[in-house]
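No value in this document is a laboratory result; all are computed from the given coordinates. Note that the structure is a prediction, hence the values are computed from the model and not measured. Please note: Cβ atoms are built from the backbone with ideal geometry, for glycine as well, and neighbour counts cover all protein chains shown.
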Amino acid sequence: MTPWTLEKAKNGFSEVVRRALAHEPQVVTRGARREDAVVIIARSDYERLIAPRVLTEYLAASPLAKAVAEGAFKYGEHGDPFLRDRDLPRDIDLG
């Protein structure tokens, strides 16, 4: 992301917008400490960010799904990549 001071962003607003429309988020800072104030992005990028997603599609696109697909985990019996202790819980007398 390209940082801009508020003053430079005002003076170069057309350039800020042009870069945002090219899918390059633009950070505008303000104050003496130049704290981040806003990020300017294209509307299409914003719509994509806020669009609801189907949970299964979201999980399938996750880094964990990619790692499993690439074989980053050792597989136990039945092809389960998440090995768990299959022991039964112990009996507890609650009486």
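Please report the antiparallel percentage of DSSP beta bridges with both residues in the chain, rounded to the nearest 5.
Percentage antiparallel, nearest 5: 55.
Mind jotting down the three principal axis lengths of segment 1-75 based on Cα atoms? Whole angstrom, largest first.
That works out to 57, 26, 18 Å along the principal axes.
To make sure I understand, if each residue's beta carbon is the centre and we count other beta carbons within 10 Å, what order do Asp87, Asp45 fall in, fewest to most?
Sorted ascending by nearby Cβ count, the order is Asp87, Asp45.
How high is the relative contact order of the chain, in percent, counting Cα pairs under 8 Å that sit 6 or more residues apart?
17 percent
By how many nm would the segment from Arg43 to Leu6 grow when fully extended, if each residue of separation counts as 0.36 nm and the alpha-carbon distance is taken off?
11.3 nm
Go ahead and estimate [θ] at 222 nm for the chain from helices alone: -39,500 (n - 2.57) per DSSP H run with n ≥ 4, summed, over the residue count, rounded to 500.
-9500 deg cm²/dmol
Within the chain, which is the longest segment that contains none of the chymotrypsin sites (Phe, Trp or Tyr not before Pro) sitting in a DSSP loop with at most 12 other Cβ atoms within 10 Å?
By the stated rule (loop sites, at most 12 other Cβ atoms within 10 Å), 1-74.
What is the gain in length, in nm to one decimal, between Leu55 and Ala72 on full extension, counting 0.36 nm per residue of separation less the C-alpha to C-alpha distance?
Full extension from Leu55 to Ala72 adds 3.8 nm.
Within a 10 angstrom radius of the beta carbon, how do Arg90, Arg53 rank from fewest other beta carbons to most?
Ascending Cβ contact count within 10 Å gives the list Arg90, Arg53.
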